[in-house]
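Trainee: After the structure tokens below, expect a handful of questions from me.
The values are calculated or read from the model by the stated rules, or taken from the named source; none is laboratory data. Small disclaimer: the values here were computed from a predicted structure and weren't measured. Because the Cβ atoms are built from the backbone with ideal geometry, glycine has one as well, and the counts that use them run over all protein chains shown.
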Amino acid sequence: MIKLLKNLRRREKLMALVCLVFVVCQVYFDLRLPDYMTELTVLIKTSGTTADIVNIGLKMLGCTAVSALLAVACGYFASKTASGLSFAVREKLFHHVMDIGSEEMQDFSIPSLITRTTNDITQIQMIVAMGLQMMIKAPIMAVWAIIKILGKSWQLSAVTAAFVVVLIVSIFLIMSSCIPRFRLVQKMTDKINRVARENLNGINVVHAFNAEKFQNDKFDEPNMGMMQLQMKNQKLFALVQPTMGLGMNGLALAIYWVGAALVNNIALTDPAARLSMFSEVLVFSTYATYVVMSFMMLVMIFMLLPQAQVSAERINDVLEREANVKEGGVQQGSEVGTVEFKNVSFRYPHASSEQLSGINVRVEKGETLAVIGATGSGKTTLVSLIPRFFDATSGEVLVDGVNVKDYTFAALYDKLGYVTQKAVLFSGTVRENVFFGESAHQFDDADLGSAIEISQAKEFVDKLEGGSDYAIAQMGRNVSGGQKQRLSIARALARKPEILIFDDSFSALDYRTDAKLREGLNKQLAGSTKIIVAQRISTIRHADKIAVLDRGEMVGLGTHEELMKNCSVYREIATSQLSASELA
């Protein structure tokens, strides 16, 4: 929790300091009331004038009004401080998540990261907002009130101390039972988020397979677990308020009972001493009430603090996780448009076997390398090593003659145009999606038109209302799969990169569009190096080189004609898709 408080900006730190000053002033005016109460009691008992009584009453009213104003001001600054902290932490957390790699994302999981960015930070904001008011006010008030009552009566002080000890022990027992469950609550929140997200993303599949009951039951399991955990916590928390109420009222009753005995022990012949003791008992009961109130405020904080502490630890877990993929310092390579895999092997984190083993292949500027193989053979894994979604376990991946690990991220990504296997669009216009991100190449309308035309997106973009200014919904839900794929390709082409990587990104295109797209790439981007992952032989048969993967190993490399002669895996794939006449 303390680590997160270090993210307070200078403005929030100043507001927190102002809040502290206001709290101290508020406590001062609150604790002035019992002193005025003593004076008022003496005036009434000694036949004081009405003017004196009214004057004391006005002072008490003034203290109350000033205390109320300070409380409002303190609440305002506390809220501003808490919201400022949550903004800073959420910003830092989001930026850090954007910087870490795929490995770290898989370790935390997306639903958990969403929960940490939203619910956990809200817990921190709540505890800071309340803590600046109560956590600061409570100990100051308790210590100040105790100082006020010290030396007045050892009997009354002993009664107060005994009640405070009993209350502290009771609260400690309740808290120690609840704290371990808070971690489970946060984990259950992650699970509920994951199940809900999965169901909502796949709602059409759920309806199509009549699986509503199955998915509802799947959601009810973590939901019920969460309810049972929270019920246990709330049942224990339900004991806190009556315990504090019993303690406060019991303490007042005990003070009056002991105080009455103390007054009764003073002789009737000494009315001044009896009046002094009576006033002292009244003041003592008020101060003792403040002490108990202070502990009640601390209890309210302690009810939220364990959950906030768990949230803070979860946030720190992400912030302290360093990315395994770190950038180098090289800006430019010794070659242009070349890609080479030198004895590359790769194993996913925590996996028992290698996904890729001993891959050796080189692509020259302007050449086309196709990668084909059965599902799970490592095609996507291989091309994902170029933009460093993961780093090779052994061997080297070279771009323009330089190991990709030695490039700065900006220099490496400026050389690449990457089209993912799953087409991803963002909310915004067609233009904003095509010109997405930063690039060394300056975008203009000519680039937009060229990219849309080559990717074969022009035929449907021109029909959209507003054309390139048409609004794309989140994740591209208002366009078809093929249209999303073509816009994703246009996004890569607009960067005018040295190297284009297509990760099975023609799969949603019909054969006619596929052929026209490849024709456009060959004519207008002849100087760009192209790496194409594909399942269709027709898509890759004219590539300069075709790499055939089987269970992570490269079992063939050559042209279509060469592989038909000497690679049984490739020949099996080809004959399963094309007839003998088509192959001829």
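Trainee: Tell me which residues, restricted to the range 394-412, are within 33 Å of the chain's Cα centre (by Cα) and farther than 24 Å from residue 349 by Cα.
Mentor: Passing the criteria: 410, 411.
Trainee: Would you mind finding the one in 477, 431, 495, 491 that is farther than 19 Å from residue 510 by Cβ, among the basic types (Lys, Arg) and out of contact with any helix residue (DSSP H, G or I) (no Cβ under 8 Å at 6 or more places or on another chain)? Break it down into steps so the answer makes sense when it comes.
Mentor: Details: 431 fails: out of contact with any helix residue (DSSP H, G or I) (no Cβ under 8 Å at 6 or more places or on another chain); 495 fails: out of contact with any helix residue (DSSP H, G or I) (no Cβ under 8 Å at 6 or more places or on another chain); 491 fails: out of contact with any helix residue (DSSP H, G or I) (no Cβ under 8 Å at 6 or more places or on another chain).
Of the residues listed, the single one that is farther than 19 Å from residue 510 by Cβ, among the basic types (Lys, Arg) and out of contact with any helix residue (DSSP H, G or I) (no Cβ under 8 Å at 6 or more places or on another chain) is 477.
Trainee: Among (1) closer than 25 Å to residue 141 by Cβ; (2) in contact (Cβ under 8 Å) with a residue 12 or more places away in the chain, where does residue 21 come up short?
Mentor: Failing condition for residue 21: (2).
Trainee: Another one. Among the residues of the range 71-79, are any touching a residue at least 40 places away in the same chain (Cβ under 8 Å) and either hydroxyl-bearing (Ser, Thr, Tyr) or farther than 16 Å from residue 136 by Cβ (or both)?
Mentor: Scanning the range 71-79, I find at least one residue that is touching a residue at least 40 places away in the same chain (Cβ under 8 Å) and either hydroxyl-bearing (Ser, Thr, Tyr) or farther than 16 Å from residue 136 by Cβ (or both), so the answer is yes.
Trainee: Only one residue in 334, 357 is modelled with pLDDT under 90 and farther than 26 Å from residue 108 by Cα, so which one is that? Before the answer, list the steps.
Mentor: Details: 357 fails: modelled with pLDDT under 90.
Sole residue among the options that is modelled with pLDDT under 90 and farther than 26 Å from residue 108 by Cα: 334.
Trainee: Condition test on residue 426, is it closer than 30 Å to residue 353 by Cα, surrounded by fewer than 17 Cβ atoms within 10 Å (Cβ to Cβ), touching a residue at least 12 places away in the same chain (Cβ under 8 Å) and under 29 Å from the mean Cα position of the chain (by Cα)? Don't jump to the end; show me each part of the working.
Mentor: Numbers: closer than 30 Å to residue 353 by Cα: no; surrounded by fewer than 17 Cβ atoms within 10 Å (Cβ to Cβ): yes; touching a residue at least 12 places away in the same chain (Cβ under 8 Å): yes; under 29 Å from the mean Cα position of the chain (by Cα): yes.
Considered against the rule, which asks whether it is closer than 30 Å to residue 353 by Cα, surrounded by fewer than 17 Cβ atoms within 10 Å (Cβ to Cβ), touching a residue at least 12 places away in the same chain (Cβ under 8 Å) and under 29 Å from the mean Cα position of the chain (by Cα), residue 426 comes out as no.
Trainee: Quick one: which of 404, 419, 383, 339 is without any contact (Cβ under 8 Å) to a residue 40 or more places away in the chain and under 20 Å from residue 492 (Cα atoms)? Please lay out each step first, then the result.
Mentor: Working: 419 fails: without any contact (Cβ under 8 Å) to a residue 40 or more places away in the chain; 383 fails: without any contact (Cβ under 8 Å) to a residue 40 or more places away in the chain; 339 fails: without any contact (Cβ under 8 Å) to a residue 40 or more places away in the chain.
Of 404, 419, 383, 339, the one residue that is without any contact (Cβ under 8 Å) to a residue 40 or more places away in the chain and under 20 Å from residue 492 (Cα atoms) is 404.
Trainee: Additional query: Taking the condition at pLDDT below 85, among the polar types (S, T, N, Q) and in a loop (DSSP other than H, G, I, E, B), does residue 507 pass?
Mentor: On the way: at pLDDT below 85: yes; among the polar types (S, T, N, Q): yes; in a loop (DSSP other than H, G, I, E, B): yes.
When the stated conditions are applied, residue 507 passes them.
Trainee: Oh, and also: Can you tell me which residues in the range 452-495 are in a loop (DSSP other than H, G, I, E, B), under 18 Å from residue 527 (Cα atoms) and over 34 Å from the mean Cα position of the chain (by Cα)?
Mentor: Taking the range 452-495 first, the residues in a loop (DSSP other than H, G, I, E, B) are 455-457, 462-466, 470, 473, 477-480, 494-495.
From what is left, the residues that are under 18 Å from residue 527 (Cα atoms) are 455, 494-495.
The one that is in a loop (DSSP other than H, G, I, E, B), under 18 Å from residue 527 (Cα atoms) and over 34 Å from the mean Cα position of the chain (by Cα): 455.
Trainee: Something else now. Being among the polar types (S, T, N, Q) and not in a helix (DSSP H, G or I) is the requirement here; does residue 316 meet it? Explain how you work it out, then say what you get.
Mentor: On the way: among the polar types (S, T, N, Q): yes; not in a helix (DSSP H, G or I): no.
Taking the combined requirement at face value, the residue does not satisfy it.
Trainee: Now for a different question. Would you confirm whether any residue within the range 261-277 is without any contact (Cβ under 8 Å) to a residue 24 or more places away in the chain, buried (at least 16 other Cβ atoms within 10 Å of the Cβ), farther than 26 Å from residue 40 by Cβ and of a type outside the set (A, V, I, L, M, F, W, C)?
Mentor: There is no residue in the range 261-277 that is without any contact (Cβ under 8 Å) to a residue 24 or more places away in the chain, buried (at least 16 other Cβ atoms within 10 Å of the Cβ), farther than 26 Å from residue 40 by Cβ and of a type outside the set (A, V, I, L, M, F, W, C).
Trainee: Could you identify the single residue in 405, 379 that is in contact with a Gly (Cβ under 7 Å, 6 or more places away or on another chain), surrounded by fewer than 22 Cβ atoms within 10 Å (Cβ to Cβ) and not hydrophobic (A, V, I, L, M, F, W, C)? First the steps, then the outcome.
Mentor: Details: 379 fails: surrounded by fewer than 22 Cβ atoms within 10 Å (Cβ to Cβ).
None of the others qualify; the one that does is 405.
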